[in-house]
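Here the structure is laid out as structure tokens; the discussion comes afterwards.
Taken together, the values in this text are just the output of simple stated rules run on the coordinates, not laboratory data. No experiment lies behind these values; they were computed from the predicted model shown. Here Cβ is always computed from backbone atoms with ideal geometry, including for glycine, and neighbour counts include all displayed protein chains.
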Amino acid sequence: MEIRMDISIQDGISPDIERKLDALKNTRPLMRAIAEAMEQTMRAHYLSQPPNALGFPSQGFWRKEGADRVIIESFDQTQATVVVDSVAMGHRFFGGRVSAKGAGALSIPVSPEAYATGSASLWSGPELTLIPRQDKPALLVDVSDETAWNIHYVLVKSVVHEPDERAFAPRETVESSVHQVIRDKLDLLLRIDAMA
Amino acid sequence: MNRQTLAEWARPLLDAIAEIERAARDTVGDASMLATVDGLVRGLPDPDWSTLADEMALAMEVAAVREVQAWQSRFSGAIQRRGTASFAAENPGFAGIEDAVKKVADKTPVASALRSDEWKRVPLALRERAQFSSRVESIRLLSDIQSKILARVSHEREMLATGNERYVSRDSFIRDIRQSAIEQGLDTGKGNVLTNIAAPRRIAMIYDMQNAQAAGYARWKLDNDPDALAILPAWRLGESRAKNPRQDWIDRWTAAGSAVGWQGAAREQMVALKTSPIWRVLSRFGTPWPPFDFGSTRELEDVWRDEAERLGLIQPDERIPALAGEDFNAELEASVTGLPPDAIAKLLDAFGNQVEVRGDRIAWRAS
């Protein structure tokens, strides 16, 4: 699967500005500026996402796998490329089935403490007891309090994630920021070009 | 078309319409009012539209010609410029950020009992090319760390004992390195503390730092370019995202600025040219790219040229060359030369046959 957002610089700017850009002797500073606009917009998109729906303490998914992974891969005279360098965010966008490849089961956190920990293999809290159930997923439970067991994980063979379009910034937002930066920095770009 | 011409042409008509509105509003609503309004409607002026139409047609023609010319230029060999955004890992043929991958791949695992403050005294050239961790003397563990970090930055799937493949995640990295450390008897038994190489907290810090350093290097390399420096010549040390931010960054900035004579650096804000020596002095690790300290959440924000000019970091007609040598590796090699004999002796003492001296150069011996 592939997702690729191509934004033409020419679309969305006036013919007058386009003529000025066409007259640039060196367009690499322009393309670096465009990369900057795209990067900042994509980062802002991830950072604007609401906290998890469960109300658990944030693991910072949108920041760690989104904002922190937006990277300017390259720029040259004609193209600027910005990538989201995250397998996890790609999976979030496309969705799909995740299965327990290296272990017997996937541990799905169902308590705030487990959510903050991540996988059950990294659990460092009270000892967890495996509770097998007939025709139902097994549980990992803290049974230290006999009056109130605390379920931390549900063990499953696989889980299917639905595609989440929030995992990639909307085209119109990125496009708008590109054209805005061209308008805002046009005089600066022309001045830099004249220095060459 | 001229807006004033249009307004003048329409004024008699608009005035007459306003009079009709007044009549309807101010007169009692009976038959006489209807008769008044009817009379006014019948008397509406009929401005001559022919001159206006001529001008409008001309303006439309000019606009149409411009539009056609613009489209012609786009599809008749004119340069197409575009920005592209994509998911790196999911796209076919993607192999990670090249410079980040190279940064990790070029390292040599180096086992040593040195603490992090002792490692700090090892020449930058050697440190940057060493896969090390404070007080870790297991080459096997360091090799495991390097191969998994390399798989992470290059988005290569690792093969599991079950025959399945998977990407390296933060969780799987912590789990596997912890398991390897325990199997090798490296768990100090002191729990989840940074001094224990088998502790999830320590392993997570290794993962976060090495990924951040590889990404920081790749970004630094991308921007060590005269055209990038021309439009975005400076960095700002951004706000901390930590729950309890360190309070000493301003003091560190002041000390680093004084140490380099404020060369290319602002005193009143934590902003400096990307080529300023302040970054290396500010960094605990001696590198001009972030992170600048363990666990630092501060990021470098690009600063546009016009702001850098206002801060006096660059003159309006000034061009900034890329850092000397254009290749930091070349500079790293040079920094190794000229070490005093006792420093070389200490290195040989600390690292034994893992390091070798070749003429006036010193390097890790490939294991």
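Pairs exceeding a 19 Å alpha-carbon distance, out of A:Lys64/A:Lys185; B:Lys221/B:Lys274; A:Lys136/A:Lys157; B:Lys107/B:Lys148: A:Lys64/A:Lys185. The phi torsions of region B:162-169, fed into the Karplus equation with coefficients 6.51, -1.76 and 1.60 and a -60° offset, translate into couplings of 6, x, 7, 10, 7, 6, 7, 10 Hz, rounded to whole numbers, with Gly and Pro shown as x. Of the residues A:Ser158, B:Ser50, the one with the fewest other Cβ atoms within 10 Å heads the list, and the complete ranking is B:Ser50, A:Ser158. Helix B:31-42 and the longest principal axis of the Cα set of chain B meet at an angle near 80°.
Stretched out straight at 0.36 nm per residue, the stretch from B:Arg22 to B:Leu194 would grow longer than its current Cα-Cα span by 53.6 nm. Between the residues B:Trp289, B:Asn192, B:Ala204, the greatest Cα displacement towards the positive end of the dipole of region B:165-303, with unit charges on the Cβ of Lys, Arg, Asp and Glu, is found for B:Asn192. For trypsin sites (Lys or Arg not before Pro), the sites in region B:112-151 that DSSP calls loop and that have at most 14 other Cβ atoms within 10 Å are B:Arg115, B:Lys120, B:Arg121.
Our summary gives region A:1-102 a relative contact order of 25 percent, counting only alpha carbon pairs under 8 angstrom and 6 or more residues apart.
Using the Karplus relation 6.51 cos²θ - 1.76 cosθ + 1.60 with θ = phi - 60°, the per-residue 3J(HN,Hα) values for region B:246-256 come to 5, 9, 9, 5, 5, 5, 5, 4, 5, 5, 5 Hz, with x marking Gly and Pro. Taking the charge dipole of region B:79-180 about its Cα centre, with +1 at Lys and Arg Cβ atoms and -1 at Asp and Glu Cβ atoms, the residue from B:Ala111, B:Ser143, B:Val122 reaching farthest to the positive side is B:Val122.
Among DSSP bridges having both ends in the protein assembly as shown, what percentage is antiparallel? Round to the nearest 5. Antiparallel bridges make up about 85 percent of those DSSP assigns within the protein assembly as shown.
The C-alpha atoms of chain B define a longest principal axis, and helix B:3-26 lies at about 60 degrees to it. Note on chain A: GNM, Cα springs under 10 Å; of A:Ser74, A:Ser14, A:Ser58, the largest mean-square fluctuation is that of A:Ser14. Can you give the FRET efficiency for A:Ala194 and A:Ser48, using 1/(1 + (r/R0)^6), R0 = 60 Å, r = Cβ-Cβ distance, to the nearest 0.05? So, using R0 = 60 Å, E works out to roughly 0.95. Taking 7 Å steps out from each Cα toward its Cβ at B:Ile139 and B:Glu55 produces label points 8.8 nm apart. For region A:2-37 and region A:94-136, compute the distance between their C-alpha centroids and round to whole Å. Each part reduced to its Cα centre gives a spacing of 47 Å. Across the protein assembly as shown the C-alpha pair distances fall into 20 Å bins from zero in the proportions 16, 41, 25, 11, 5, 1 percent. Taking the fewest neighbouring Cβ atoms within 10 Å as the starting point, the ordered list for B:Phe87, B:Phe173 is B:Phe173, B:Phe87.
Dipole magnitude for the protein assembly as shown: computed about the Cα centre from +1 point charges on Lys and Arg Cβ and -1 point charges on Asp and Glu Cβ, it is near 2400 debye. Counting only alpha carbon atoms, the long axis of helix B:50-75 and the longest principal axis of chain B meet at about 20°. Based on the Cβ-Cβ distance of B:Ala63 and B:Thr36, what FRET efficiency does E = 1/(1 + (r/R0)^6) give at R0 = 41 Å, to the nearest 0.05? So, using R0 = 41 Å, E works out to roughly 0.40. Within straight-line reach of A:Lys25, meaning a Cα separation under 15 Å, sit the following aspartates and glutamates at least 8 residues removed in sequence or on another chain: A:Asp76, A:Asp187, A:Asp193, B:Asp227. The dipole here belongs to region A:41-129: it is taken about the Cα centre, uses +1 on the Cβ of Lys and Arg and -1 on the Cβ of Asp and Glu, and is about 180 debye. Most fluctuating residue of A:Arg97, A:Arg32, A:Arg166 in a GNM of chain A with Cα springs under 10 Å: which is it? Looking only at A:Arg97, A:Arg32, A:Arg166, the largest GNM fluctuation is found for A:Arg97.
Taken over the Cα atoms of region B:145-185, the convex hull encloses 65 Å³ per residue. Take every Cα pair under 8 Å whose residues are at least 6 apart in sequence, average their separation, divide by the length of chain B, and the relative contact order is 13 percent. For the charge dipole of region A:41-99, defined by +1 on Lys and Arg C-beta atoms and -1 on Asp and Glu C-beta atoms about the Cα centroid, which residue among A:Trp62, A:Val87, A:Pro51 has the Cα displaced farthest towards the positive pole? Highest projection toward the positive end goes to A:Pro51. Within the listed set A:Ala67, A:Ala148, A:Ala33, the residue fluctuating most in the Gaussian network model of chain A (springs between alpha-carbon atoms under 10 angstrom) is A:Ala148.
Which stretch or stretches of region A:135-153 have amide N atoms under 12 Å from the point lying 7 Å from A:Val110's Cα along the Cα→Cβ direction? Within reach of a label on A:Val110: A:136-142, A:150-153.
Suppose every Lys and Arg Cβ carries +1 and every Asp and Glu Cβ carries -1, with no other charges. What dipole size does chain B come out with about its Cα centre, to the nearest 20 debye?
2340
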